[in-house]
Each structure stands twice: as structure tokens, then as C-alpha cells.
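Trainee: Have a look at this one before I ask anything.
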Amino acid sequence: MAIATINKQAEQPDIEQRIEDLLGQMTLAEKIGQMNQVESGGEHAIDHLRHSIQAGHVGSVLNQADVDIVNELQRIAVHESRLGIPLLVGRDVIHGFKTVMPIPLGQAASWNPDLVRECASVAAREAAKSGVNWTFAPMIDITRDPRWGRIAESLGEDAYLASELGVAMVRGFQGDDLGCAGSIVACAKHFAGYGAAESGRDYATTNIPENELRNVHLRPFEAAVDAGANTLMTSFSDLDGVPATANDFLLRQVLREEWGFDGFVVSDWDSVRQLAIHGLTEDDAASALAAASAGCDMEMAGGAYLHHLPRLVEEGHIDEALIDKSVANILRVKFRLGSFEHPYTDPSHLPGFGDEQALGMARQAALQSVVLLKNDHAALPLSAERLTSIAVIGPMADAPYEQLGTWIFDGDMQLSVTPLQALQDMLGGKVDVRYVPAMDTTRSRQSDAFDEAAAIAGDSDVAVMFLGEESILSGEAHSRADINLPGDQAELVRRVRAAGKPVIAVIMAGRPLTLSNIVDQVDAILFAWHPGSMGGPAIADLLFGIESPSGKLPVTFPRMVGQIPIYYNQKNTGKPPSPETIIHIDDIDPKASQTSHGLTAFHLDAGYTPLFAFGHGLSYARFEYQNLRTNASEIRPGDTLQVSAELTNTGEVPAEEVAQLYVRDLVGNVTRPVKELKGFKRLRLDPGQTIVVEFSLHTDELAFYDRNMQLVTEPGEFHAWIGGSSETGLRTEFRIVDSD
Ligand code: GLC
């Protein structure tokens, strides 16, 4: 076997040797050219870029997805530049390419890593068919602020869930072999801390204590690196006074020295030159020096590296050895990608766009991502047999582009099936489907069609309202300070409610919304995020019980925007609130003297609990947990605790439940969260079926960074829960005791 292995290596010269050989031939200008990524969109990209590529000044292009143009750009690089180094072709393939999957926050609501990986795999093969070989995904910024528009691209508020799903995306994009035709390079972004932007305003300052940075924000990135992500992208944001693009603590100490990352780091769009705007540097030359010195290997769309690094090296401001390291990182990824052997794309070698498998994945992902937030008196599922008419009301019922969500540069709206279309297909001839958009957009303040909507609702057996936000209201630079339903949607709900028939709300949005002003006006709420190409059929299946909702919230839903940040894995504080210690502003005795109420951590006008908690999601079945057990009440460092519970479907329909394992470390060298997700399993149960849900918990999984930034697992008392959300579940205790 050893001999065979050696022979195999002999056939494929070691990548490191190839890097060394190539670097040895490169001029300084050609090296810096590899560190330069240029915008290449539009039909004239070839004319615009030919000379730069011929001169060896371009290492990567982005935003070109016409396979013929990409192949010609590659041909120029390979045959008309001195060393023939192929290009990396980057694109934001965030949640699909032509076939669009639910937005990442929606995919996160599936709590299904296998599904998320398959969605990324479909996206990769469709992108690769267009010549794209590098995606700027997964976005694994942790955020607890739904005002931030980019929460839509994230995998939610929890580091464990984002780690599991971010790794799944990396594996889906890169496949088992990065050199395969349908695999593309993944890019974990935005490194790091971007999701903590002050007030949820995009690009705003982030101040994150190192302990919080390590225990929360860095965990998904370390997981992605460990899973083999070949690139990372720096964040735009100022992190504790040093913008991430020039933050050597992040890019050298953490990423290279601690994690051993051997891929490369790309800046965000023009974030190198923005260092001067931040006020970290004086000008583009100083910005190029700061970013390259800190370990940002490639500059996206700025030109500062190309224009200033040659002189900075020649004048001795930066050592050429540092340039060589960055170029080696970039070449390493190009060799791993196999792009020297296969620089061109033959689209015929890959399946067609929007094929049956792709649309099937999109439908499955939409089905599993929708969260049933509320279902009073089993208003859902609807029954076609018991209905003669249904009023379909609202601006999101028939919006094939809007249901795709943000970051869908290449999404094919023609593939979309809207809820209205799906309901008409499903019910045609059996149930009268009456449609009133009632609003031109979700932001509309025109209510002259509300009477018609209310009349149709009153004349139908049920009203199903499709509400929410258009895709433009989330995503980059699209933060909102008020996260109620936009426009006059709440008034529309009130008017339809007044018609006196059951009201079902289906909400499509790129973020959690504050729904307190409609939650009591409707009988049921299905939260569908932006569900992608096949959102319509999935929502129709869920409305009529073809499938039961099974999504769980990957992010907390506040009652009011003033509660933000509000998240499940908060610290206990020294004055934790409880129902007994709080009072509502309306209940304060008008004659009360200047006394203090409760003296605990709550808001007089909002309390301290969310409207819907992390991990929450209802089903058409009923799930009961019993007999929580552990295999030991005391364990030692290095042991694995087995935690199990019986899960029974006591309902009348088969359905899937996401069983969740949470743990609390009661005492720590630094204070620890009141609860932390440590495991989850999506399980399908028939009516009456009982399954024993088992989790293994190694003591290493209880480790945290202490006040000295050491990763430690401390002895002490722990609580563990197994349940269907972060606010329910059976609880047990166990201890970690010192080794003898
Ligand atoms: C944008 C985004 C980044 C994206 C890049 C290329 O500004 O911040 O996430 O990948 O530019 O489009």
C-alpha cells in the first residue's frame, strides 16, 4: 500500500513543490497580479480585461457568469500571459444560482445539515456550468439583530447551529473532490464580527470583547476552516478599532497561527482602500501596506495592491517574502481546484439549469424551512374537502421575483412558482380561489383596495394573507430601524379580520419581524422567510397538510424592536427577571410613589421574553418528550456523556420534529450563557410512534475561552435539556469532576 501511495504522489507532483517552482519563475509584478481581483461583469469584459490579463496583472475576476466570456478570459490567461496561470472566477452564489433555494436564514430554519449541503451542491453545479469556480459563501456571521439587513444571508444567532450548517454549505460547494466538474471553492465570510454592527446598521462599528469574539463569533469560522473551506473574506467592519481587512490579530494570530489555515483571504469589495475612510491609514498606498502586511492575500475590486505594492516592496516597506506567502496561498487553491489541468468549462458536462433534481431540492428546502409560529384551534391545515372558497390576499401571494430573496444575481424568476399559482394548481375546480393583492407593494400606504379585500374575505370560507417584505428590504445595506410589517399591512390584517372569517397569515421576509401588532388578529402564522423558486408549492402543501410544518427558528423574534439584542443564549446577569419580579407599564399604580419595581433585567413595556423563541416551531402533529436520562451523573474530563429521551408523536399525522439538546454550565471562570445548543436531530415519526433520541456529549464540547483566552473545560455542575425549543424541554443535571 505504501508503495502505491508513493507512486500516486509521484504521478501528481506535490502541490507545494508546484507552488515553489511557479513562484520561482514569477516577477514581482506577476506575483502582485495574483493578489488582484477585478470586476468583470458585462459583455465587454474581454476587451476591458484582455491587456491586464495578458500582462499577468489579474489573479481573479468576479461577476462574470457567461460561460463563453469566462472561457475566453481563461484562454487569454492560459495562452496569452507569460506563465499561463488560470483565473479564479468569483460570484455570490449565496443560496442558489439559477434555481433559488430559501435564503440562508430560511435554510437554517430547517436545522438539516444534509439538506443544506445538498442545496449548496446544486448551487455549485449550476454555477460551475457558467464557468464560476469560486463562491463568496457561506456567510456565517453571527447576529442577534434583525434590524441588520444581512441577517437574511446568515445562519442565525447561534454559533453551534451556524457551525454545523456552515460546514454543510462548505462541503456542498466544494464537494468530496474540489477538482470535480461541479465543485467550486467556498469562502467563509465575513471574517469577523460583522453581525455585531451597532444598531444593526450595516457596515457600522463592531466592538466585541475578545472573550465574546472567541466564544461566539469565531466558532463558525474555525469550524469552516476545519472543514476545509479554502478561502475567507474579510469583513468591512471596524473590529475594536482595527478594521478586519487589516486586522493582524484575526488574519495572522487566529487564522494562521492558531487554526493553521492554508488557503487564502480575500478582502471585501474595495475594503482595502476603505481603510483610509475608516481613518486607519492616510491613503491607498498605506492601506495596501496595512492590509497586505496583516495577511489579506487578495484585494477585491480596488486596485490598491496592483498600483502600490510593487513600489512598497521595492522601497522595503513590505518584504517580498510576505508577498510570496500570499501568492502561495492563492496558487495553492488554484492547484487544489485543478484549474491548471482543467481551466475551461464545458457546460455539456453538467446537468441543465432548473432540472428536476434542482427544483426538487428547492421544494424540499422550502418545505423544511417554513416555521409554524402559531396555530390557534388547529386553524391549519386547511381541507380542500371542507372548503368551497378561499380568499388569497396580499402583496406577496404572486411575487415570483420577491419570493427569491436577496443575493440572487443569477436567479431565474421563470422557475418560480408562487403561492397563488400553486394554490390554483392544487385547488382548481374544487375550491374557488379568489385573489386580491390589495397592496401594490408591502410598503404601500394606499388602502383603497382594502374594502374589496375585506369583502372577498367575508364572502369566502377562509382568508389566507401573504404578507411580509420584498427582497429589497433585506440584504446588504438594507437595514431597518422599525421591523414591523412595512406599509399598511397591519391595517389590512385588521380589516380582513373584521370580516369575521378564519385568517391565516403567511409571511415572507428576510429577517424576523416584530409581529405583536398582528399576532392576535390571525389564527395561524406560517413564517416562510424568502422561500425561493419553489416557495409556492411548498407553502400550498403546508397549508393543506400534504406535509406538516417542521421548521424551527434559528433566530429569536422580539416583541418590540426596543428589546434588541434579545437572544436565547444570554447571560444570567446578577438580577435575572422572572414573572414574579416584573410589572407592565400599564399595571403601575398611578399613585405609586417613586418605588422600584422588580429590580430585575426587564422592560416595563415589553417584559423580558421574546414573542417567539429560538428553536420554536409548531407541527400538525403533537410531540411529547419523556424519560430524560443520562448514562452518568458524574463524568471526568475526556468522558462522553450519553443523554437520551423518549420522543412520541401523540398526534394524528406523520411529521418531523427537530429534537434539541441544550446545556448550561452554571459556574465558570467567565459567566456562561443560561443555555447553549449542543445538539439537534431532525426525526420523522408516525402517529403513535416513539423514538429514543440520543445525544453524545464529550466534555470538549463544553469547553469555552476563559478570562485568559484559554480554551478550558471546568469541573462543576451542569444542566441539560432535551426538547422541541430553547424554552421547553425536560431537564436533568450532571457534574464534571476533576480527574483523580
Ligand atoms: C459585497 C459583500 C460581499 C460580497 C462581495 C462581492 O459588498 O459584502 O458579501 O461577496 O461584495 O459581491
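Trainee: Just want the ordering: 282, 118, from fewest to most Cβ atoms lying within 10 Å of their own Cβ.
Mentor: Going from least to most buried by this count: 282, 118.
Trainee: If each Cα of the range 27-106 is one equal point scatterer, what is log10 of I(q)/I(0) from the Debye formula at q = 0.14, 0.18, 0.20, 0.27 Å⁻¹?
Mentor: Debye output, listed in q order: -0.48, -0.69, -0.80, -1.26.
Trainee: Also, quick follow-up: Measure of size requested: the Rg and Dmax of the chain, with Cα atoms as the atom set and Å as the unit; please supply both.
Mentor: Gyration radius and largest Cα-Cα distance of the chain: 26.9, 90 Å.
Trainee: On a C-alpha basis, how far is the centre of the range 440-481 from the centre of the range 708-728 in Å? Whole number, if you could?
Mentor: For the range 440-481 versus the range 708-728, the Cα centre distance is 42 Å.
Trainee: What ranking do 472, 564 get, fewest neighbouring Cβ atoms within 10 angstrom at the top?
Mentor: The most exposed by this proxy come first: 472, 564.
Trainee: Residue by residue through the range 516-529, which ³J(HN,Hα) values in whole Hz follow from phi under the Karplus form 6.51 cos²θ - 1.76 cosθ + 1.60 (θ = phi - 60°), with glycine and proline marked x?
Mentor: My calculation for the range 516-529 gives 4, 7, 10, 4, 8, 8, 10, 8, 8, 10, 9, 9, 9, 6 Hz in order.
Trainee: Here's another thing I want to ask about it. Which of the listed residues, 472, 242, 35, is farthest toward the dipole's positive end in the chain, when Lys, Arg count +1 and Asp, Glu count -1 at the beta-carbon?
Mentor: Result: 472.
Trainee: For the range 541-569 and the range 26-103, compute the distance between their C-alpha centroids and round to whole Å.
Mentor: 41 Å
Trainee: Also: Report, in debye and to the nearest 20, how large the dipole of the range 363-543 comes out about its Cα centre when Lys and Arg carry +1 and Asp and Glu carry -1 on their Cβ.
Mentor: Dipole magnitude for the range 363-543 comes out near 360 debye.
Trainee: Further question on the same structure: Expected output is a single nm value to one decimal: the length gained when fully extending between residue 262 and residue 455, i.e. 0.36 nm times separation in residues minus the C-alpha distance. What is it?
Mentor: Gain on extension, residue 262 to residue 455, equals 63.1 nm.
Trainee: When Lys and Arg each count +1 and Asp and Glu each count -1, what net charge do the other residues less than 15 Å away from residue 547, Cβ to Cβ, add up to?
Mentor: -2
Trainee: Taking Rh as the Kirkwood radius computed over C-alpha pairs, what is the Stokes-Einstein D of the range 363-543 at 25 °C in a medium of viscosity 0.890 mPa s, expressed in µm² per second?
Mentor: This corresponds to a translational diffusion coefficient of 153 µm²/s.
Trainee: Sort 53, 76, 151 so the one with the fewest other Cβ atoms within 10 Å of its own Cβ comes first.
Mentor: Sorted ascending by nearby Cβ count, the order is 76, 53, 151.
Trainee: Calculate the dipole size of the chain relative to its Cα centre from +1 charges on Lys and Arg beta carbons and -1 charges on Asp and Glu beta carbons; express the result in debye to the nearest 20.
Mentor: Computed charge dipole of the chain: roughly 940 debye.
Trainee: At most 11 other Cβ atoms within 10 Å and a DSSP loop assignment: could you name the trypsin sites (Lys or Arg not before Pro) in the range 654-721 that fit?
Mentor: Those that pass, being in a loop and sparsely packed, are 707.
Trainee: If you add up the charges near residue 491, with Lys and Arg at +1 and Asp and Glu at -1, over every other residue whose beta carbon is less than 11 angstrom from its beta carbon, what do you get?
Mentor: +3
Trainee: Once you charge only the Cβ atoms, +1 for Lys and Arg and -1 for Asp and Glu, what is the size of the charge dipole of the range 623-736 about its Cα centre, to the nearest 20 debye?
Mentor: 220 debye
Trainee: How compact is the range 623-736 by the rule of thumb for globular proteins, expressed as Cα Rg over 2.2 N^0.38 Å?
Mentor: Relative to the 2.2 N^0.38 Å estimate, the range 623-736 comes out at 1.15.
Trainee: Taking 7 Å along the Cα-to-C-beta vector as the label spot, tell me the residue 25-residue 445 distance in nanometres, rounded to one decimal.
Mentor: 6.5 nm
Trainee: With 10 Å bins from zero, work out the P(r) of the range 153-290 over every alpha carbon pair and list the percent per bin.
Mentor: Whole-percent P(r) values from 0 Å outward: 12, 41, 34, 11, 1.
Trainee: If you don't mind, there's one more thing I want to ask. As a test of the formula, what do you get for the chain when each DSSP H run with n ≥ 4 contributes -39,500 (n - 2.57) and the sum is divided by the residue count, at 222 nm and rounded to the nearest 500 deg cm²/dmol?
Mentor: The per-residue figure over the chain is -8000 deg cm²/dmol.
Trainee: Excluding residue 576 itself, calculate the net charge of residues whose Cβ lies under 14 Å from the Cβ of residue 576, where each Lys or Arg counts +1 and each Asp or Glu counts -1.
Mentor: Net local charge, residue 576 excluded: +4.
Trainee: Let me ask something additional. For the range 637-679 and the range 592-621, compute the distance between their C-alpha centroids and round to whole Å.
Mentor: What the calculation gives is 23 Å, centre to centre.
Trainee: Rounded to a whole number, what is D in µm²/s for the range 42-194 from Stokes-Einstein with the Kirkwood radius over alpha-carbon pairs (25 °C, 0.890 mPa s)?
Mentor: D = 152 µm²/s.
Trainee: Restricting to Cα pairs below 8 Å that are 6+ residues apart, what does the relative contact order work out to for the chain? Please round to a whole percent.
Mentor: Across the chain, relative contact order equals 13 percent.
Just so you know, all these numbers are worked out from the coordinates, no wet-lab data involved. Source: prediction; values computed, not measured. Every residue, glycine among them, receives a Cβ derived from its backbone with ideal geometry; neighbour counts consider all protein chains shown.
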